[in-house]
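Written below as structure tokens is the structure these notes are about.
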Amino acid sequence: MQNDFFKYQAQTSPHPLAMEISHAEGSYIFDKNKKAYLDFVAGVSACSLGHSHPKIVNAIKTQADQYLHVMVYGEYIQEPAIELAKLIANNLPKPLESTYLVNSGTEAIEGSLKLARRYTGRTEIIAAKNAYHGNTMGSLSLMDYEERKAPFLPLIPDVKHIAFNNEADLSQITTKTAAVILETIQGGAGFIEPQDNYLQKVQKRCNEVGAVFILDEIQPGIGRTGKLFGFENYNCQPDIVVTGKGLGGGLPIGAFTASKDMMLSLSNNPKLGHITTFGGNPLIAAAALATLKEIIDTNLIKGTLEKEKLIRQLLNHKHIKEVRGKGLMLAAIVENSEIANNVILKAQDEGLILFWLLFEPKAIRITPPLTISNEEIIKGCKIITSILDKI
């Protein structure tokens, strides 16, 4: 199987971890040798309720027995998609009430950029330095990391970059700006939180000049940071909120939500301003609906903050310089990339799954399922500190 993996499946790096998966359940993934791995990554923040959660599995089975794909997005009335969009709207502040469902986070970013340009009639997009919003051409254009962009140039024009948390840079947002797009918490940069009401100040500046304020909640959204939506922690409200990852509970999904008035601009001049065949797929929507209901109807959101405290307490170690992030979107920052690589790779040998961040080489990602138990947290953190003790 490993030979076929390297021969037939396109690779994203020269050295994938190449674990051969047997099955997964709860907070654990099992390989073909029946070894159990405690999952501190959750599919990179995607498996909100862990693996094979019974409510998600039952929702998938029930929907599969009724119908799968029947028509391109937006033509037929399909209950799972409608109920999902309605539940999202009911848990967002007004006027965020109209949701366009797509297939991935990066596709939702693309749709939000199109919507902002169409609604404002402007072209300039402002993003943050060290941002990561996905890897399709529009999302890649928002990145300022030239080495990653250079092989794919030219990308979409009229993109400028400002420094995250730098209030002085807000003067670059002008009446030429269609949208400012930011991650609520910068992910690839090292789980950087906004400081001193930064997002509120960005929102104010966007309102002053008529720019659309877009927040990328693909990682911090859906309960991971102690609120259903991460921006609720930071005294602000976007004009467009983008979600993905954890919304699907392990299935591929993306969504962007705006006011009804703004979203209608994609339906005319031209018609079909944004199109997707499989967006809102009933199977995916049913899984996402079950995921969102479980997160809203239980104490999981509140529990993320209690579990954060426990992780911070347990990861008090001389080689850990700080633990960044909020809730269960955390990164342990160590002294150098060599230590980070050592911990991540040795942890897998010892039955713990950790992972890297895109731009911060000293970071160890800790984004477990929201359902992880305190006992599992203690077990995983002991593995991390025991590896660090040997350095």
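Please state the charge dipole magnitude for the range 48-181, taken about the Cα centre, from unit charges on C-beta atoms (+1 on K and R, -1 on D and E), reported in debye and rounded to the nearest 20.
Value, rounded to 20: 140 debye.
Where nothing but the Cβ of Lys and Arg (+1) and of Asp and Glu (-1) is charged, how large is the charge dipole of the range 125-281 around its Cα centre, in debye to the nearest 20?
The calculated dipole for the range 125-281 is roughly 300 debye.
For T136 paired with V70, estimate the spin-label separation in nm (one decimal), with each label point 7 Å from Cα along the Cα-to-Cβ line.
Between T136 and V70, the label points sit 2.5 nm apart.
Among L300, I353, I253, which residue has its Cα positioned farthest towards the positive end of the charge dipole of the range 226-374, with +1 placed on the Cβ of Lys and Arg, -1 on the Cβ of Asp and Glu, and the dipole taken about the Cα centre?
Selected residue: L300.
By how many nm would the segment from K201 to I77 lengthen if fully extended, with 0.36 nm per residue of separation less the alpha-carbon distance?
40.7 nm
Return one whole number: the accessible area per residue of the range 204-331 in Å², for a 1.4 Å probe. Don't skip to the answer; put the middle values down first.
Values: 4850 Å² over 128 residues.
Accessible surface, normalised per residue, equals 38 Å².
Within the accessible area of the chain, what % is carbon and sulfur when the probe is 1.4 Å and the other protein chains stay in place?
51 percent
Quick check: pseudo-label points 7 Å beyond the Cα along Cα→Cβ at Y145 and S386, how many nm apart are they?
Rounded to a tenth, the inter-label distance reads 3.3 nm.
For the range 73-125 and the range 13-52, what is the separation of their C-alpha centers, rounded to whole Å?
So the separation of the two Cα centres works out to 30 Å.
Which shape class applies to the range 147-278: rounded if a/c is under 1.5, otherwise prolate when a/b exceeds b/c and oblate if not, where a ≥ b ≥ c are the square roots of the Cα gyration tensor eigenvalues?
It comes out rounded by the Cα gyration axes.
Compute the distance from the alpha-carbon center of the range 335-375 to that of the range 230-303, in whole Å.
28 Å
Report the charge-dipole magnitude of the chain in Debye, nearest 20, computed about the Cα centre from +1 at each Lys and Arg Cβ and -1 at each Asp and Glu Cβ.
200 debye
Using a/c under 1.5 as the rounded threshold, could you call the range 136-196 rounded, prolate or oblate? The axes a ≥ b ≥ c are square roots of the C-alpha gyration tensor eigenvalues, and prolate needs a/b larger than b/c, oblate otherwise.
Note, shape of the range 136-196 comes out oblate.
What ranking do 295-303, 307-315 get when scored by the average of other Cβ atoms within 10 Å per residue, highest first?
Put in order of decreasing packing, that is 307-315, 295-303.
Once amide H atoms are built 1.01 Å from N in the peptide plane, which residues 5 or more positions from I162, or in another chain, come under 5 Å H to H?
A127, A128, K129
Given points 7 Å out from each Cα along the Cα-Cβ axis, report the S171 to Q2 separation in nanometres with one decimal.
With each label placed 7 Å out from Cα toward Cβ, I get 5.8 nm.
Just to be sure I understand: of the beta bridges DSSP finds with both ends in the chain, what percent are antiparallel, rounded to 5?
Here the antiparallel bridges make up roughly 60 percent for the chain.
Order Y76, Y28, Y8, most accessible first, counting only protein heavy atoms with a 1.4 angstrom probe.
The most accessible residue leads, giving Y8, Y76, Y28.
Peptides 143-152, 351-360: what's the order by average Cβ count within 10 Å, highest mean first?
Result, highest mean first: 351-360, 143-152.
Select from I320, S13, P80 the residue farthest towards the positive end of the dipole of the chain; place +1 on Cβ of Lys and Arg, -1 on Cβ of Asp and Glu, and compute about the Cα centre.
I320
What percent does the relative contact order of the chain come to when contacts are Cα pairs within less than 8 Å and at least six residues apart?
Normalised by residue count, the contact order of the chain is 23 percent.
Show log10 I(q)/I(0) for the range 81-195 at q = 0.10, 0.15, 0.17 Å⁻¹, two decimals, from a solvent-free Debye sum over equal Cα scatterers.
Per q value, in the given order, log10 I(q)/I(0) is -0.33, -0.75, -0.95.
In nm², what is the average projected area of the convex hull enclosing the Cα atoms of the range 282-391?
Mean orientational projected area (the range 282-391, Cα hull): 7.8 nm².
Can you flag which of K149/K245; K32/K318; K245/K321; K176/K201 are past 26 Å Cα-Cα? Spell out each step's value before the answer.
Details: K149/K245 23 Å; K32/K318 36 Å; K245/K321 28 Å; K176/K201 18 Å.
The answer is K32/K318; K245/K321.
Please check: in the Gaussian network model of the chain (C-alpha springs, under 10 Å), which one of N91, N269, N58 has the largest mean-square fluctuation.
N269
With springs only between Cα atoms under 10 Å apart, run a GNM on the chain and tell me which of S22, S98, S141 wobbles the most.
Fluctuation is largest for S22.
How do 111-123, 197-209 rank on mean C-beta neighbours within 10 Å, highest first? Provide the component values of the computation, followed by the final result.
Numbers: 111-123: 21.1, 197-209: 17.5.
Output ranking for 111-123, 197-209: 111-123, 197-209.
The values are calculated or read from the model by the stated rules, or taken from the named source; none is laboratory data. Bear in mind that the values here come from a model prediction, so they are computed numbers and not experimental data. Note that each Cβ is placed from the backbone with ideal geometry, even for glycine, and that neighbours are counted across all protein chains shown. Quick note on the areas: whole protein, heavy atoms, side chains included, nothing else; ligands and nucleic acids left out. Shrake-Rupley method; radii C 1.70, N 1.55, O 1.52, S 1.80 Å.
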